[in-house]
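Here is the structure we will look at.
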Amino acid sequence: MPGSAKTMAVCTVGGLVAATAYTVALGANGWLWFSWVVVALVTIGVVAARPV
């Protein structure tokens, strides 16, 4: 996995942790979860598009 894809994956997992902590502390926020899903899909796209 190239460096940029690895960085995106780490940020995506960090975002998941942050979104979960926010939801536990303050309640669910639909836009927060929608944003995280978009970031996760972009990360998957970057990982899938990397050269073999």
Inset, instruction - Could you please give the count of residues in segment 13-34 that are assigned to a helix (DSSP H, G or I), surrounded by 11 or more Cβ atoms within 10 Å (Cβ to Cβ) and not hydroxyl-bearing (Ser, Thr, Tyr)? - result: 7
Legend entry - Neighbours by Cβ (under 9 Å, 6+ apart or cross-chain): first from segment 23-52, more than 15 Å from residue 13 (Cβ to Cβ) and in contact (Cβ under 8 Å) with a residue 24 or more places away in the chain; second part of a helix (DSSP H, G or I) and open to solvent by less than 60 Å² (accessible area, probe 1.4 Å): 50/5
Inset, instruction - Go over the candidates 37, 46, 42, 10 one by one and state the one that is of a type in the set (Val, Ile, Thr), assigned to a helix (DSSP H, G or I) and open to solvent by 80 Å² or more (accessible area, probe 1.4 Å). - result: 10
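So that you can scan it fast, the table gives a plain yes or no per residue for (1) within 15 Å of the chain's Cα centre (by Cα); (2) of a type in the set (Lys, Arg); (3) modelled with pLDDT of 95 or more:
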residue	(1), (2), (3)
3	no, no, no
7	yes, no, no
17	yes, no, yes
28	no, no, no
43	yes, no, no
49	no, no, no
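The values are calculated or read from the model by the stated rules, or taken from the named source; none is laboratory data. It should be emphasised that the depicted structure is a prediction, and the values quoted were computed from it without experimental measurement. Every residue, glycine among them, receives a Cβ derived from its backbone with ideal geometry; neighbour counts consider all protein chains shown. Areas reflect the complete protein model, heavy atoms only, side chains present, ligands, DNA and RNA absent. Shrake-Rupley method; radii C 1.70, N 1.55, O 1.52, S 1.80 Å.
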